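What follows is one structure encoded as structure tokens, with my remarks underneath.
Each value in this text was obtained by applying a stated rule to the coordinates, not by laboratory testing. Fair warning: this is a prediction, and the values are worked out from it, not measured in the lab. Ideal geometry is used to build each Cβ from the backbone, glycine not excepted, and the neighbour counts take in all protein chains shown.
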Amino acid sequence: MNILVTGASSGIGAAVCEELIKQRHVVVAVARRIEKLHELKAKLGDSLVPVQVDVTDRAAVCSLRDALEDQAVSVDAIVNAAGLALGVDMASSANFDEWARMVETNVTGMLSVVHTFLPDMVARGTGHVINIGSIAGSYAYPGGNVYGASKAFVRHFTLNLRADLAGTGIRATDIQPGLVTDTEFFSVRFRGDEGKATAASQDFRGLQPVDVAKAVSWVISQPSHVNINQIEIMPTDQSFSALTLHRE
Ligand code: 8X3
């Protein structure tokens, strides 16, 4: 299959590229940082096709579709892994530009890719949209506000895709990881403060990007009559807090 992976330059996206190439797929690897994609290609070989596209740039996403069509490359599946969390501030003191950026990437960027590539999949009668959501889309926590809400959008949009795509043969899946370490996630979330990023991901065993990538690969490898709607994956060391009650 030809599989388009966004957010491919690092973390879960890069691990997904590696896992899919191991399964003998061809990966169109999309990210802003082309030098990182070239490094990945040097490691993974010619089955990885690096493309510099920012998913928040609508024109660039549309041009990518046209360029692939010109080269007679049909996209059989999409893995939307581009996404980020910014800050853990309470809603009353959060930075609005950071909220907007999370929505632009996690919601609008994901929608842009789906909107661009879905019609071709429907026309061919085959395809699979896999969105990387988060457990933060199902469970609220202090400071999760817009990040969690953006991932709740991803979850519900994926379910609504299932509703719209009934009878088309196109599959849709939301993979919802919990805390993944050894990615840039916390360094980005804490705005480059490596001390805080390290503190957030130490003294327990988090998920590794490859754990999530294997779930993606498993979902794609199911027979065409099987649709995995969603998968929630947590590190064994991560669990739930009790609901809180504020008393006078
Ligand atoms: C991130 C999951 O648990 O760090 O998508 O909020 S968590």
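In whole Hz, what ³J(HN,Hα) sequence does region 167-183 give by Karplus (6.51, -1.76, 1.60; θ = phi - 60°), x for Gly and Pro?
So the Karplus estimates, Gly and Pro as x, are x, 8, x, 8, 9, 9, 9, 10, 9, 10, x, x, 6, 10, 9, 6, 9 Hz.
List the aspartates and glutamates whose Cα lies under 15 Å from the Cα of residue 214, skipping any in the same chain that are fewer than 8 positions away.
Result set, ordered by chain and number: 18, 19, 174, 232.
Could you sort the peptides 62-71, 111-120 by per-residue average Cβ neighbour count (10 Å cutoff), highest mean leading? Write down the numbers at each step before the final one.
On the way: 62-71: 13.6, 111-120: 18.0.
So the peptides 62-71, 111-120, ranked by packing, come out 111-120, 62-71.
Give the lysines whose C-alpha is closer than 26 Å to that of residue 196, dropping any in the same chain fewer than 8 places away, or say none.
36, 151
Can you give me the angle between helix 58-70 and the longest principal axis of the chain, using Cα atoms only, in degrees from 0 to 90, rounded to the nearest 10?
30
In whole Hz, with x marking every Gly and Pro, tabulate ³J(HN,Hα) for region 81-97 from phi via Karplus 6.51 cos²θ - 1.76 cosθ + 1.60, θ = phi - 60°.
Here the 3J(HN,Hα) series is 10, 5, x, 7, 10, 10, x, 10, 6, 5, 4, 6, 10, 6, 8, 5, 4 Hz.
Using only Cα atoms, tell me the angle between helix 34-44 and the longest principal axis of the chain; keep it within 0 to 90° and round to the nearest 10.
Taking the Cα atoms of the chain, the angle to 34-44 is about 70 degrees.
Hey, can you rank 179-190, 225-236 by average C-beta count inside 10 Å, highest first? Show your work: numbers first, answer last.
Working: 179-190: 18.7, 225-236: 14.3.
For the peptides 179-190, 225-236, the packing ranking is 179-190, 225-236.
So how do 99, 218 line up by other beta-carbon neighbours within 10 Å, fewest first?
Values: 99 19, 218 14.
Lowest count first: 218, 99.
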